[in-house]
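A.B. asks: Here it is, the structure, as structure tokens.
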Amino acid sequence: MKLLLSCLLLCLGFLFSTPLQAERIVLASSNYHPHYGADLPKQGAVTEIIRQAFSLQGIQIEVEFMPFGRALHEAKVANYVGLIAAWYSDDRVENFLYSQPMYANQIVLFKRRSMPLEFRNFQQLADSRYRLGVVQGYAQPEGLLRARLNTIAVASDEQAFRMLALGRVDLVPADKLNGLYLLQTLLPEHAENIEYIEPVLEQRPMYLILSKQDPRSEELMERFNRGLQQLQASNQYRTILQSLLPATSAR
């Protein structure tokens with residue numbers, strides 16, 4: 001009996017002397033500069049918001065980067081718990097839980113400076129037979145979908161802007177900061193020849209999405225939303241945005 005008690009006390013002592021490890025989850029992500037990306041400081045503002053919101057709930061995240069189409073599919077079938085960020089679309093609600101919004105993208109049209117265009121509506125673009133370069137898997141503005149524009153699907157934002165510069169497409173709908181970042185960092189030789197036009201087509205919030213096929217998702221989403229509310233009420237949220245997103249009005 002004494003031996004059994006000694007063994008029990010020894011086991012309890014080992015248990016309480018070993019620090020409890022935080023819960024870990026793995027999320028899929030694409031590169032969407034300057035909002036999130038494998039090569040960005042802290043993997044970008046969106047990743048850092050998600051990391052800190054989960055951390056406030058005792059959860060650590062790991063992120064694996066891949067093309068958007070693959071990341072969306074892998075998260076859908078629950079090979080990953082979810083996807084770092086996505087825009088809302090009705091078809092995705094069938095497969096994913098959506099978080100509270102983190103912050104919004106400003107969607108504008110980019111064009112070559114040499115091509116005169118004053119945007120009035122999407123039907124105008126359809127009637128003019130403009131070719132739009134769109135990234136496969138991205139949710140597009142409703143007006144664009146209804147107008148049945150001539151779209152050419154590509155694998156990445158960078159590819160869409162290269163095709164725009166080379167005249168293989170006429171317009172690229174994209175987040176303003178994303179487009180400016182790509183032009184200034186990856187395509188500087190084309191930056192002077194491409195501009196965005198106003199008005200802003202859409203203010204599109206970004207969300208963390210979690211796969212409905214993962215049994216942990218409902219609980220994880222509740223915890224994330226609580227952590228996000230805490231983070232957004234703090235100075236840390238503003239610091240993340242100010243330090244990890246470029247403040248630019250360049251055109």
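The values are calculated or read from the model by the stated rules, or taken from the named source; none is laboratory data. Keep in mind that what you see is a predicted model, and the values were worked out from it rather than measured. As a convention, Cβ positions derive from the backbone with ideal geometry for all residues, glycine included, and neighbour counts pool all protein chains shown. With ligands, DNA and RNA removed, areas are computed over all heavy atoms of the protein, side chains included. Shrake-Rupley method; radii C 1.70, N 1.55, O 1.52, S 1.80 Å.
A.B. asks: Identify all residues within the stretch 77-90 that are assigned to a loop (DSSP other than H, G, I, E, B) and open to solvent by less than 40 Å² (accessible area, probe 1.4 Å); write none if there are none. It would help to see each step written out before you state the result.
C.D. replies: At the first step, the residues of the stretch 77-90 found to be assigned to a loop (DSSP other than H, G, I, E, B) are 77-81, 87-89.
Those that are assigned to a loop (DSSP other than H, G, I, E, B) and open to solvent by less than 40 Å² (accessible area, probe 1.4 Å): ALA78, TYR80, VAL81, TRP87, SER89.
A.B. asks: Let me ask something additional. For residues that are at pLDDT 95 or above and open to solvent by 90 Å² or more (accessible area, probe 1.4 Å), tally how many sit in the stretch 221-237.
C.D. replies: 4
A.B. asks: Pairs needed: first member in the stretch 68-89, within 17 Å of ARG204 (Cα to Cα); second member anywhere, open to solvent by less than 20 Å² (accessible area, probe 1.4 Å) and assigned to a strand (DSSP E or B); C-beta distance under 6 Å; at least 6 residues apart or different chains.
C.D. replies: LEU83/ALA28; LEU83/ILE209; ILE84/LEU27; ILE84/SER29; ILE84/TYR36; ALA86/ILE209; TRP87/ARG204
A.B. asks: Follow-up. Report, ordered by the first and then the second residue, all pairs with beta carbons closer than 6 Å, sequence separation of six or more or different chains, a first member in the stretch 132-148 that is farther than 22 Å from LEU166 by Cα, and a second member that is surrounded by fewer than 18 Cβ atoms within 10 Å (Cβ to Cβ) and among the aliphatic types (A, V, I, L, M).
C.D. replies: ALA147/ALA126
A.B. asks: Can you report the number of residues in the stretch 155-180 which are part of a helix (DSSP H, G or I) and either under 16 Å from ARG113 (Cα atoms) or in contact with a strand residue (DSSP E or B) (Cβ under 9 Å, 6 or more places away or on another chain) (or both)?
C.D. replies: First, pick out the residues of the stretch 155-180 that are part of a helix (DSSP H, G or I): 157-165, 176-180.
Next, only the ones that are either under 16 Å from ARG113 (Cα atoms) or in contact with a strand residue (DSSP E or B) (Cβ under 9 Å, 6 or more places away or on another chain) (or both) stay: 157, 159-165, 176-180.
Matching residues across the stretch 155-180 total 13.
A.B. asks: With respect to GLU158, determine if the residue is open to solvent by 10 Å² or more (accessible area, probe 1.4 Å) and without any contact (Cβ under 8 Å) to a residue 12 or more places away in the chain. Walk me through how you get there before you give the answer.
C.D. replies: On the way: open to solvent by 10 Å² or more (accessible area, probe 1.4 Å): yes; without any contact (Cβ under 8 Å) to a residue 12 or more places away in the chain: no.
Criteria not met by GLU158.
A.B. asks: Check VAL93, VAL81 and return the single one that is of a type in the set (A, V, I, L, M), more than 22 Å from GLU195 (Cβ to Cβ) and in contact with an Asp or Glu (Cβ under 6 Å, 6 or more places away or on another chain). Break it down into steps so the answer makes sense when it comes.
C.D. replies: Working: VAL93 fails: in contact with an Asp or Glu (Cβ under 6 Å, 6 or more places away or on another chain).
The match here is VAL81.
A.B. asks: What are the pairs, 6+ residues apart or on separate chains, where a residue within the stretch 94-106 that is closer than 14 Å to ARG226 by Cβ has its Cβ under 6 Å from a residue that is part of a strand (DSSP E or B) and not acidic (Asp, Glu)?
C.D. replies: Short answer, once both residue conditions are applied: SER99/TYR207; SER99/LEU208.
A.B. asks: Something else about it: Which condition number in (1) touching a residue at least 24 places away in the same chain (Cβ under 8 Å); (2) more than 18 Å from the chain's Cα centre (by Cα) is the one that GLU219 fails?
C.D. replies: Every listed condition holds for GLU219 apart from (1).
A.B. asks: Considering the stretch 198-220 alone, what residues qualify as being of a type in the set (A, V, I, L, M) and either within 16 Å of ALA160 (Cβ to Cβ) or open to solvent by 90 Å² or more (accessible area, probe 1.4 Å) (or both)?
C.D. replies: Within the stretch 198-220, the first condition is being of a type in the set (A, V, I, L, M), and the residues that meet it are 200-201, 206, 208-210, 220.
LEU201 - this is the single residue of the stretch 198-220 that is of a type in the set (A, V, I, L, M) and either within 16 Å of ALA160 (Cβ to Cβ) or open to solvent by 90 Å² or more (accessible area, probe 1.4 Å) (or both).
A.B. asks: Among ASN79, ASN121, which is over 30 Å from LEU164 (Cα atoms), over 17 Å from the mean Cα position of the chain (by Cα) and not basic (Lys, Arg)?
C.D. replies: Sole residue among the options that is over 30 Å from LEU164 (Cα atoms), over 17 Å from the mean Cα position of the chain (by Cα) and not basic (Lys, Arg): ASN79.
A.B. asks: Which count do you get for residues in the stretch 30-56 that are at pLDDT below 95 and not in a loop (DSSP other than H, G, I, E, B)?
C.D. replies: Residues meeting the conditions: 1.
A.B. asks: Follow-up question, since we're still on this one. Could you check the stretch 137-154 and list, in sequence order, the residues that are under 16 Å from PRO67 (Cβ atoms), at pLDDT 85 or above and surrounded by 15 or more Cβ atoms within 10 Å (Cβ to Cβ)?
C.D. replies: Answer for the stretch 137-154, where residues must be under 16 Å from PRO67 (Cβ atoms), at pLDDT 85 or above and surrounded by 15 or more Cβ atoms within 10 Å (Cβ to Cβ): just VAL154.
A.B. asks: Can I ask one more? Being assigned to a loop (DSSP other than H, G, I, E, B) and either open to solvent by less than 10 Å² (accessible area, probe 1.4 Å) or of a type outside the set (D, E, K, R) (or both) is the filter here, so list the residues in the stretch 91-120 that pass it. Spell out how you get there, then give the answer.
C.D. replies: At the first step, the residues of the stretch 91-120 found to be assigned to a loop (DSSP other than H, G, I, E, B) are 94-95, 99-103, 113-120.
Answer for the stretch 91-120, where residues must be assigned to a loop (DSSP other than H, G, I, E, B) and either open to solvent by less than 10 Å² (accessible area, probe 1.4 Å) or of a type outside the set (D, E, K, R) (or both): ASN95, SER99, GLN100, PRO101, MET102, TYR103, SER114, MET115, PRO116, LEU117, PHE119.
A.B. asks: When residues of the stretch 57-76 are filtered for being open to solvent by 80 Å² or more (accessible area, probe 1.4 Å) and assigned to a helix (DSSP H, G or I), how many remain?
C.D. replies: Adding up the residues that qualify gives 3.
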